[in-house]
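Student: What follows is a single structure, and I will ask about it in a moment.
The values are calculated or read from the model by the stated rules, or taken from the named source; none is laboratory data. Note that the structure is predicted; figures quoted are calculated from it, not measured. Glycine gets a Cβ as well: all are built from the backbone with ideal geometry, and neighbour counts include every protein chain shown. Accessible surface areas use protein heavy atoms only, side chains included; no ligands, DNA or RNA. Shrake-Rupley method; radii C 1.70, N 1.55, O 1.52, S 1.80 Å.
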Amino acid sequence: MGSGAAVKIKSLRSHIIALFVFFLAGVQLAGFALIERVITKHAGNALVEDLESGERVFQRMLEQRNQQLALGAKVLAADFGFREAIAQFDRDTVDSVLSNHGSRIGANLMMLIGPKNVLLVDTLHPAQEGNSFRYPALIEQAAAQGHASAVLVIDERLYQVVVLPVLAPLPIAWVAMGFAVDTAAASDLAKVTSLQITFAHKRKGGAWSLSASTLPQVQQNALLESMANFSIGDDPAGLSDDEYTSRVAPLPPPLGEETAIAILQRSEAQALRTFDDLEDTILLLGFIGTAICLMGSVLIARSASNPIARLAEIARGIAQGTYTDIAKDSQWEETVVLASAFDGMRKDIVEISRLVFKDPLTGLPNRVLFNDRLQQAVSTAKRKQTPMSVLMMDLDNFKNVNDTLGHHAGDLLLREVADRLSAVLLRDSDTIARLGGDEFAMLLPTDGVALAQTVAYRIIQALEQPFAIDGQIVDSKASIGIASCPEHGPDASALMRQADVAMYTAKRDGSGIAVYDPRHDEHTAGRLSLLGELRSAVERNELVLDYQPGVDLQTGQLTHMEALVRWQHPQRGLVGPDQFIPFAETSGFIDTITREVLRMAIRQCAEWRRAGLTITISVNISACDLMSPNLLNTFAALLHDNDILPRWIKLEITESSIMRDPVRAMETLERLCRMGFTLSIDDFGTGYSSLAYLKKLPVGELKIDKSFVFGMIHGKADAAIVRSTIELGHNLGLKVVAEGVEDEATLKLLKSLNCDTAQGYFLSRPMPAADVERWLSTTLPGLRLAPTYAPKLVAPMTAPKTLAEWI
């Protein structure tokens with residue numbers, strides 16, 4: 001009997017240990033798989049950010065080398081003895097000066113070109129002296145702009161070259177100085193950017209050659225092989241391999257039939273290396289948890305089966321994603337230890353899940369977690385043949401809160417809304433999620449339409465009580481759309497789309513709550529209705545313009561008034577452009593709206609001019625407008641009808657609209673420039689424009705996007721972007737405008753950075769044309785009496801101090 005009992009106890013212990021190993025392995029594998037997915041995603045994002053940051057540093061260093069060359073050439077060209085030696089062509093003196101000056105700045109190439117493009121001196125190839133200079137376009141550019149620069153291919157090597165005239169006082173020669181873009185230069189750049197850098201070039205119709213590279217020879221050969229069919233404009237991902245991710249930076253400007261590029265690469269293994277410590281820690285925790293659990297299972301098996309069953313149940317729950325607290329109120333000390341070990345592992349997994357599945361602002365589930373629970377709820381409803389519902393909600397006036405009180409107040413409002421929603425939905429089975437912006441979703445896994453409407457009414461009532469945000473009382477109403485399974489949709493994606501349609505129906509009707517109805521689907525009759533409303537808006541003169549001033553930060557003078565379109569809808573009230581311009585673009589109705597906005601702005605400019613107000617008006621032009629063949633004719637007709645000069649109108653174009661079709665956009669912009677319009681690049685920094693195109697565009701101004709200006713006081717990255725953009729604009733000879741100035745500290749910082757113009761709520765909010773003259777009489781009292789003179793701003797309507805003090 002004793003022997004049999006002993007065998008039975010041993011068998012039970014083995015089964016318990018095997019069961020724990022099985023479930024624990026499942027939990028750890030699920031956790032490790034989730035962690036690995038998160039790490040891979042973050043590593044990929046970090047890799048892209050490193051390449052983008054490295055490219056900015058790379059371009060900056062090239063520009064600094066260019067400035068160093070330009071300064072050296074300028075000093076040399078200004079040397080009196082050097083000019084005299086050139087005039088007399090004292091060859092020994094010229095050679096000595098070139099050699100000494102080149103040695104001082106570390107130049108690898110020194111040339112002297114005569115007035116007729118004859119190569120007089122060439123320190124790199126003396127045998128070429130007496131021949132024509134191979135790059136006459138550089139001489140023409142230097143003659144027009146005072147200097148010229150380019151990356152040239154000479155003897156299958158790259159040189160960064162600057163050309164300046166030697167004046168006495170007219171050009172008597174041209175001096176060219178250059179740095180070799182070789183392996184040493186690539187190594188220097190690689191140390192600063194932490195990237196692998198390769199310089200490549202080719203001639204038209206020829207194959208790519210590598211001029212210099214920091215890659216090992218094997219990787220260089222592989223890169224050259226992958227470039228066989230590569231051309232400028234191709235996706236640089238084609239140059240990536242299992243080891244490196246690539247980014248291509250053209251080296252401007254291409255001259256003749258030669259093209260040069262820089263290939264920036266980052267090792268994927270290096271990007272993942274930063275997460276090694278995290279993986280090691282998680283593995284260590286897993287091993288510790290495993291050891292403790294195995295020891296505890298042996299001890300528990302000797303005393304009782306109930307604690308074992310409980311812990312096995314918890315392990316199954318963790319493997320399935322249920323992270324409930326672990327009870328430690330057992331009478332057995334061994335069971336408490338084992339439960340504590342499980343709880344530590346649970347907390348680690350919960351923390352990782354929180355980072356992946358929780359909205360960081362409100363603490364609610366995010367879109368990923370909501371979609372996962374929605375899929376499970378739909379599957380359960382189909383299997384059990386029970387109803388379930390989805391509610392989609394957004395705030396009706398959230399944009400106004402952001403625009404009026406700032407983004408910080410908007411964030412506080414979202415947290416308050418999340419708290420009230422959580423108070424309404426009390427059941428553990430229900431889910432509240434923030435999908436993004438001011439959009440929330442609620443999942444009711446056991447409720448049909450009637451109960452969902454009841455919940456929606458409770459939410460509306462909960463949000464009716466005003467919110468106290470930073471001492472301000474804010475009213476926030478919501479629009480809720482309801483879709484239920486199975487009557488409105490058979491799957492999760494259909495329910496989400498139909499709840500979204502119902503939400504916009506509730507918003508449009510002002511009812512607050514709407515249940516999905518196929519008749520309201522925006523992809524059928526709703527779209528035609530909105531298009532009809534837009535057409536009627538133009539016909540009934542429902543489009544109105546507000547005007548926001550721009551101020552010169554150095555002189556305090558008014559520089560322009562920006563025209564901002566709104567739709568005075570008879571039911572919805574004042575509708576912002578972000579709610580109807582995108583639809584107008586996709587429906588092809590943007591041409592009509594553009595003509596109406598231009599007509600109103602140009603007519604207003606004419607009225608102000610007749611009243612003695614010399615105000616320049618800026619108007620935004622969309623990508624569709626820029627591609628329209630009717631744009632130039634529209635401008636010509638409106639200018640003629642209103643007796644307005646083009647230079648009184650400034651046209652603002654987003655950089656993304658330019659890059660949609662750069663060649664066609666360039667043609668349109670050049671024609672607008674020849675007509676006399678002032679051109680400005682709006683929202684600069686948010687797109688992916690090429691500096692090679694930027695320097696060719698006939699624009700006179702850059703507008704820094706307000707998203708960078710908002711954060712520049714407290715964010716070093718945003719401040720650095722603003723500073724770099726100002727320097728870039730000035731280096732290109734452009735004025736720089738900062739929009740979104742909302743406080744005095746931002747205004748002062750922009751002035752210290754030599755920004756030219758500021759625009760934002762701190763100076764003045766957008767106002768109707770009828771209020772502009774009153775604003776001018778209050779803020780610029782001398783403008784009407786002296787229309788050609790713009791005096792200092794005295795006191796804006798929205799600020800307690802004088803702008804003269806701020807500026």
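Student: Closer than 30 Å to Gln88 by Cβ and of a type in the set (Val, Ile, Thr) - does that describe any residue in region 192-206?
Tutor: So far as region 192-206 goes, no, none of its residues is closer than 30 Å to Gln88 by Cβ and of a type in the set (Val, Ile, Thr).
Student: Need at least 2 residues that are more than 20 Å from the chain's Cα centre (by Cα) per element, so show me which helices (runs of 4 or more DSSP H) inside region 673-767 make the cut, counting only ones lying wholly within it. Can you show your working first?
Tutor: Details: elements: 691-694, 706-711, 716-731, 744-752.
Once the helices (runs of 4 or more DSSP H) in region 673-767 are filtered for at least 2 residues that are more than 20 Å from the chain's Cα centre (by Cα), what remains is 716-731, 744-752.
Student: Quick check, is Leu421 more than 23 Å from Lys384 (Cβ to Cβ), buried (at least 21 other Cβ atoms within 10 Å of the Cβ) and not polar (S, T, N, Q)? Spell out the reasoning first.
Tutor: Details: more than 23 Å from Lys384 (Cβ to Cβ): yes; buried (at least 21 other Cβ atoms within 10 Å of the Cβ): yes; not polar (S, T, N, Q): yes.
Taking the combined requirement at face value, the residue satisfies it.
Student: Continuing with the same structure: Out of (1) at pLDDT 80 or above; (2) surrounded by 15 or more Cβ atoms within 10 Å (Cβ to Cβ), what's the single condition that is false for Phe58?
Tutor: It fails just one condition, (1).
Student: Continuing with the same structure: Name the residue that is modelled with the lowest pLDDT, counting only residues in region 259-271 that are farther than 12 Å from Asp50 by Cβ and open to solvent by 20 Å² or more (accessible area, probe 1.4 Å).
Tutor: Of all residues in region 259-271, those farther than 12 Å from Asp50 by Cβ come to 259-263, 269.
Filter once more, so that each one left must be open to solvent by 20 Å² or more (accessible area, probe 1.4 Å): 259, 269.
Values: Thr259: 83, Ala269: 69.
Among them, the one singled out is Ala269.
Student: Report whether or not Ala468 is touching a residue at least 24 places away in the same chain (Cβ under 8 Å) and of a type in the set (Gly, Ala, Ser). Working first, answer last.
Tutor: On the way: touching a residue at least 24 places away in the same chain (Cβ under 8 Å): no; of a type in the set (Gly, Ala, Ser): yes.
Taking the combined requirement at face value, the residue does not satisfy it.
Student: Return yes or no: is Val48 open to solvent by 50 Å² or more (accessible area, probe 1.4 Å) and aliphatic (A, V, I, L, M)? Walk me through how you get there before you give the answer.
Tutor: Details: open to solvent by 50 Å² or more (accessible area, probe 1.4 Å): yes; aliphatic (A, V, I, L, M): yes.
For Val48, the condition - open to solvent by 50 Å² or more (accessible area, probe 1.4 Å) and aliphatic (A, V, I, L, M) - is met.
Student: So which of Ala506, Ala499 is closer than 24 Å to Pro570 by Cα and surrounded by 13 or more Cβ atoms within 10 Å (Cβ to Cβ)?
Tutor: Details: Ala499 fails: closer than 24 Å to Pro570 by Cα.
Criteria check complete, one pass: Ala506.
Student: Can you spot a residue in region 484-495 that is in contact with a helix residue (DSSP H, G or I) (Cβ under 7 Å, 6 or more places away or on another chain), under 29 Å from His408 (Cα atoms), open to solvent by less than 40 Å² (accessible area, probe 1.4 Å) and small (Gly, Ala, Ser)?
Tutor: The answer is no, given that none of the residues of region 484-495 is in contact with a helix residue (DSSP H, G or I) (Cβ under 7 Å, 6 or more places away or on another chain), under 29 Å from His408 (Cα atoms), open to solvent by less than 40 Å² (accessible area, probe 1.4 Å) and small (Gly, Ala, Ser).
Student: Looking only at region 465-500, count every residue that is part of a loop (DSSP other than H, G, I, E, B) and either β-branched (Val, Ile, Thr) or farther than 20 Å from Arg383 by Cβ (or both) and tell me the total. I'd like the intermediate steps shown before the answer.
Tutor: Let us first name the residues in region 465-500 that are part of a loop (DSSP other than H, G, I, E, B), namely 465-466, 470-471, 475-477, 486-491.
Right, trim to either β-branched (Val, Ile, Thr) or farther than 20 Å from Arg383 by Cβ (or both) and you get 465-466, 470-471, 475-477.
Of the residues in that region, 7 qualify.
Student: Kindly evaluate Leu195 against the criterion of being touching a Gly at 6+ places or on another chain (Cβ under 7 Å) and under 24 Å from Glu55 (Cβ atoms). Step through it out loud before you land on a result.
Tutor: Values: touching a Gly at 6+ places or on another chain (Cβ under 7 Å): yes; under 24 Å from Glu55 (Cβ atoms): yes.
So Leu195 passes the test.
Student: Tell me whether region 444-457 contains one or more residues that are closer than 29 Å to Asp372 by Cα, modelled with pLDDT of 90 or more and touching a Phe, Trp or Tyr at 6+ places or on another chain (Cβ under 8 Å).
Tutor: Taking every residue of region 444-457 in turn, none turns out to be closer than 29 Å to Asp372 by Cα, modelled with pLDDT of 90 or more and touching a Phe, Trp or Tyr at 6+ places or on another chain (Cβ under 8 Å).
Rundown of residues vs (1) of a type in the set (Lys, Arg); (2) over 29 Å from the mean Cα position of the chain (by Cα); (3) surrounded by 19 or more Cβ atoms within 10 Å (Cβ to Cβ); (4) not in a helix (DSSP H, G or I), yes/no style:
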| position | (1), (2), (3), (4) |
| --- | --- |
| Tyr547 | no, no, yes, yes |
| Gly550 | no, no, yes, yes |
| Gly556 | no, yes, no, yes |
| His560 | no, no, yes, yes |
| Thr592 | no, yes, no, no |
| Glu596 | no, yes, no, no |
| Arg599 | yes, yes, no, no |
| Arg603 | yes, yes, no, no |
| Ile615 | no, yes, yes, yes |
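Student: Quick test for you: out of Ala107, Ala70, pick the one residue that is among the hydrophobic types (A, V, I, L, M, F, W, C) and in a helix (DSSP H, G or I). Break it down into steps so the answer makes sense when it comes.
Tutor: Values: Ala107 fails: in a helix (DSSP H, G or I).
Exactly one of Ala107, Ala70 is among the hydrophobic types (A, V, I, L, M, F, W, C) and in a helix (DSSP H, G or I), namely Ala70.
Student: Right, another one. Does Ala462 satisfy being in contact (Cβ under 8 Å) with a residue 24 or more places away in the chain, outside any loop (DSSP other than H, G, I, E, B), of a type in the set (Gly, Ala, Ser) and under 20 Å from Val501 (Cα atoms)? Let's see the steps before the verdict.
Tutor: On the way: in contact (Cβ under 8 Å) with a residue 24 or more places away in the chain: yes; outside any loop (DSSP other than H, G, I, E, B): yes; of a type in the set (Gly, Ala, Ser): yes; under 20 Å from Val501 (Cα atoms): no.
No, not satisfied.
Student: Another question, then. Is it the case that some residue within region 80-96 is closer than 22 Å to Leu170 by Cα and touching a Phe, Trp or Tyr at 6+ places or on another chain (Cβ under 6 Å)?
Tutor: No; the residues of region 80-96 include none that is closer than 22 Å to Leu170 by Cα and touching a Phe, Trp or Tyr at 6+ places or on another chain (Cβ under 6 Å).
Student: Give the number of residues within region 465-480 that are open to solvent by 100 Å² or more (accessible area, probe 1.4 Å) and either within 15 Å of Asp419 (Cβ to Cβ) or basic (Lys, Arg) (or both).
Tutor: Counting residues in region 465-480 that are open to solvent by 100 Å² or more (accessible area, probe 1.4 Å) and either within 15 Å of Asp419 (Cβ to Cβ) or basic (Lys, Arg) (or both) gives 2.
Student: Go through region 720-737 and give me each residue that's touching a Gly at 6+ places or on another chain (Cβ under 8 Å) and either within 17 Å of Gly550 (Cβ to Cβ) or open to solvent by less than 20 Å² (accessible area, probe 1.4 Å) (or both).
Tutor: Start the filter on region 720-737 by keeping residues that are touching a Gly at 6+ places or on another chain (Cβ under 8 Å), which leaves 721, 725, 734-737.
Of everything in region 720-737, those that are touching a Gly at 6+ places or on another chain (Cβ under 8 Å) and either within 17 Å of Gly550 (Cβ to Cβ) or open to solvent by less than 20 Å² (accessible area, probe 1.4 Å) (or both) turn out to be Thr725, Leu734, Lys735, Val736, Val737.
Student: Looking only at region 86-104, decide whether some residue is open to solvent by 10 Å² or more (accessible area, probe 1.4 Å), under 30 Å from Pro250 (Cβ atoms) and hydrophobic (A, V, I, L, M, F, W, C).
Tutor: no
Student: Same structure, new question: Show the residue pairs that are 6+ apart or on different chains and have beta-carbon atoms under 9 Å apart, the first residue being within region 526-542 and at pLDDT 65 or above, the second being open to solvent by 60 Å² or more (accessible area, probe 1.4 Å) and in a helix (DSSP H, G or I).
Tutor: Hits for this filter: Val538/Arg595.
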